[in-house]
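Student: So that we are looking at the same thing, I have put the structure below in structure tokens.
The values are calculated or read from the model by the stated rules, or taken from the named source; none is laboratory data. Small disclaimer: the values here were computed from a predicted structure and weren't measured. Every residue, glycine as well, gets a Cβ built from its backbone with ideal geometry; the counts of neighbours run over all protein chains shown. All accessible areas refer to the heavy atoms of the entire protein, side chains included, with ligands and DNA or RNA removed. Shrake-Rupley method; radii C 1.70, N 1.55, O 1.52, S 1.80 Å.
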Amino acid sequence: MNCGAPHGLYAVLAVVRALLLKRNHPKDYQAIEDLMDHWEERRKEKGVVEMVRFMGAFCRNKLGMDWVTDTDVRHAFGVLKTNGVGHGSKKCFLYPNLSLISHSCTANLDMVDRPARTVQLVAKRMIKMGEELTWSYTKFMEPLPKLQATLSHNWMFTCQCSRCSDPSEHGLYFSSQKCDCGGYFTKRRLEIYQCDGCENVVEDKKISVEERNILKEVAEAGEDELADMIEKLLGQEHFHPTHHVMFRLYSRLLESVARTDKTDNLPAAVKHGETLLNILLVMDGEGGKIVKKCKELLKVIRYKDLVRRREEGGFHKICLTKY
């Protein structure tokens, strides 16, 4: 079902299919019946109650499904919202067994391909005996406030994974700006961040606006500008070298340098590419898709840098095929 189709009635189809399953194959539907719908929380969202009532009336009056109750619709709707898997596409799939796997912002499982009639997960980290299997419900290379807001709104829970439970995010300070005292603004209370090394505070809005403006510059910057921005921000020591703003800069620089014939920024790309890879090894795991992509880019850039050094007379003999 293409939930992105222009007509609003397409949104009803997934619910109708779930309800028909309940009517025609009640044993199969039991797996859906057992899943959480979070209705008490979802009913507080603007327009949700009215939408579900419309779906129920539409099923009874337009489709002749007079056996459908609003309770049936509420549960089917809530289950699909809570457990439906899209993985970046406009289609919604429901895998009852997959729904039993918890979320983590540093998960140990990765989806092999886009969801279809079946879905396959593989380990992307070493998994110890007895360790819980986890996967990421949403984009995890985001700062924690954005991640937490997405998880709370879409899945109705506050994440307490190892990353979210560690103020330093495994030592990366991916979401925390640096204070003048040398500490980091890791303590969030309402709309205020407090430094973990002193009593200094800063408004959440101020941080958000500043980072949003920098990221806008990053998106519009050319290759030379990206290299200059990295050195400027690292010199200011306002962000940890593994902060999410720096991560975006490193990513853009590598992608830009990998597809150009210019050689000026190759040394910087190699240097910062190592930092980028180290960030991803923590966040994505050694077998993660993003790590693999980063390694491929870094491989290209290292090779190009070796060619540059050879042409500039940096050394005489080298086996380039190893790279």
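Student: Given the options 66, 72, 110, name the one that is of a type in the set (Asp, Glu), closer than 30 Å to residue 166 by Cα and touching a helix residue (DSSP H, G or I) at 6+ places or on another chain (Cβ under 8 Å).
Tutor: One residue alone meets the criteria, 110.
Student: Given the conditions (1) under 21 Å from residue 290 (Cα atoms); (2) exposed (fewer than 11 other Cβ atoms within 10 Å of the Cβ), report the number of the one that residue 131 does not fulfil.
Tutor: (1)
Student: With a cut-off of at least 1 residues that are closer than 16 Å to residue 146 by Cα, open to solvent by 20 Å² or more (accessible area, probe 1.4 Å) and in contact (Cβ under 8 Å) with a residue 60 or more places away in the chain, name the strands (runs of 3 or more DSSP E) lying wholly within the stretch 160-269.
Tutor: Qualifying strands (runs of 3 or more DSSP E): none found.
Student: Select from the stretch 282-301 the residues that are of a type outside the set (Val, Ile, Thr) and open to solvent by less than 60 Å² (accessible area, probe 1.4 Å) and list them in ascending order.
Tutor: Matches in the stretch 282-301: 283, 284, 285, 287, 288, 294, 297, 298.
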